[in-house]
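The structure appears right after this line, and notes come after that.
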Ligand code: KG4
Ligand code: ZN
């Protein structure tokens, strides 16, 4: 019999509650995806303020849950299992979701699963494109993470091939936007400005692409500094900053490195399906270049729609459904959130 899985996400600045239906054939259907964001409260600081985010989660948790059930036309008693983000993320923020999930699971007397946020970003793709072939390669690019992952089983087996040694890709977007006087979060305005700019106007560095660098690790801090230096230099000379060209050239450097390394990893691992997810997967140039290079390499590219790429509760419900379907163990009720949960721990046991 089909089962209803509730997912709760609170690792950063989005309070998400999702509801999905796990069908007997293992397919997962999206029923509700409600998100409350505190992004506006962080905008003037240019980054997420953990205490502000925690308080916002506390205020948004119950109303967001109520909205999700109303959207799905379900009542709480319909829930068969609950999944919650156990990590990685901000400690105080995670704690709000985990506490809420424990309370709901206890009150409803249903099993509780503590799941990995990063795996959730990959699992969400199954809501749009159906079951994931195994193995597949995931390029996870968000404000907090930049990782290349090999996924042998979305419910139990994820291996990290590489990650950023400094800034995350989205973080670089946010910092460069600040240098260019564009609003936070920086991804969307840079993406927009870049459409009117020349991507080859300025040759910004491609980090960690030297022969002695780790093949699948990333570095964006040098690129961010190079952009800041370039803008400072132009300002010192009294020149007007060509924002569109800087944005386009920066974006080209990011998309080039991300896609080149992802394709190389897929080829080396003999994998022919790539999933690109996380907030930065909404980037138009990244999607375009990934599509171009995947086509040349004979790799099938899957990119969830932008709404599913950014943090949400549906991704946690989707992962929860796969974990339930795989008959993985539930989390002990006394489990704690783990801000540094490693990506190979798909769910707590
Ligand atoms: O996945 P997400 O919503 O939250 C985290 O888990 O971090 O990702 C947010 C990040 C921000 O850094 C934002 O600037 C970036 O995703 N982002 C974009 C675009 N839309 C959002 N970056 C580049 N291009 C975009 N269109
Ligand atoms: Zn995320």
Residues of region 215-258 being crowded, with 16+ Cβ neighbours inside 10 Å and in contact (Cβ under 8 Å) with a residue 60 or more places away in the chain, in sequence order, are 216, 218, 220, 243, 246, 247, 250, 251, 254, 258
Which condition from (1) buried (at least 19 other Cβ atoms within 10 Å of the Cβ); (2) touching a residue at least 60 places away in the same chain (Cβ under 8 Å); (3) farther than 26 Å from residue 7 by Cβ; (4) away from ligand 1 (no atom under 16 Å from the Cβ) is the one that residue 269 breaks?
(1)
Applying the selection to region 298-325, what residues are over 22 Å from residue 147 (Cβ atoms) and in a loop (DSSP other than H, G, I, E, B)?
298
Please verify whether region 61-78 includes one or more residues that are buried (at least 18 other Cβ atoms within 10 Å of the Cβ) and within 16 Å of ligand 2 (Cβ to nearest atom).
no
Taking the stated definitions as given, is residue 265 in the same structural domain as residue 64 (by TED's automatic domain parsing), touching a strand residue (DSSP E or B) at 6+ places or on another chain (Cβ under 6 Å), more than 16 Å from ligand 2 (Cβ to nearest atom) and part of a helix (DSSP H, G or I)?
no
Can you tell me which residue within region 310-335, out of those that are under 14 Å from residue 100 (Cβ atoms) and either within 16 Å of ligand 1 (Cβ to nearest atom) or free of Cβ contacts under 8 Å to residues at least 40 places away in the same chain (or both), is surrounded by the most Cβ atoms within 10 Å (Cβ to Cβ)?
316
Exclusive hit being surrounded by fewer than 19 Cβ atoms within 10 Å (Cβ to Cβ), without any contact (Cβ under 8 Å) to a residue 24 or more places away in the chain and away from ligand 2 (no atom under 14 Å from the Cβ), set 210, 186, 181, 130:
210
Using the structure shown, decide if residue 68 is outside any loop (DSSP other than H, G, I, E, B), closer than 18 Å to residue 311 by Cα, touching a residue at least 12 places away in the same chain (Cβ under 8 Å) and outside the structural domain of residue 171 (by TED's automatic domain parsing).
yes
Which members of region 1-33 meet the condition of being closer than 17 Å to residue 93 by Cα and assigned to a strand (DSSP E or B)?
7, 8, 9, 14, 15, 16, 17
Criterion first (more than 21 Å from the chain's Cα centre (by Cα) and at pLDDT below 95) does residue 292 satisfy it?
no
Quick test of your reading of the structure: residue 276 fulfils all but one of (1) away from ligand 2 (no atom under 16 Å from the Cβ); (2) under 18 Å from residue 216 (Cα atoms); (3) crowded, with 16+ Cβ neighbours inside 10 Å. Name the failing condition by number.
(1)
Quick check on residue 53: is it away from ligand 2 (no atom under 16 Å from the Cβ) and either in a helix (DSSP H, G or I) or crowded, with 23+ Cβ neighbours inside 10 Å (or both)?
no
Among the residues that make up region 145-156, is at least one of them within 9 Å of ligand 1 (Cβ to nearest atom) and either within 26 Å of residue 267 (Cβ to Cβ) or assigned to a loop (DSSP other than H, G, I, E, B) (or both)?
yes
Any hit, region 99-120, residues being at positive phi, in a strand (DSSP E or B) and crowded, with 23+ Cβ neighbours inside 10 Å
no
If you go through region 272-285 one residue at a time, do you hit one that is in a helix (DSSP H, G or I) and farther than 27 Å from residue 117 by Cβ?
no
Sort through 74, 58, 22 and tell me the only one that's more than 16 Å from ligand 1 (Cβ to nearest atom), modelled with pLDDT of 95 or more and closer than 18 Å to residue 323 by Cβ.
22
For region 13-35, which positions are surrounded by fewer than 19 Cβ atoms within 10 Å (Cβ to Cβ) and touching a residue at least 24 places away in the same chain (Cβ under 8 Å)?
26, 27, 29, 30
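The values are calculated or read from the model by the stated rules, or taken from the named source; none is laboratory data. What you are looking at is a predicted structure, and each value in this text was computed from that prediction instead of being measured. Using ideal geometry, Cβ is built from the backbone for each residue, glycine included, and neighbour counts are taken over all protein chains shown.
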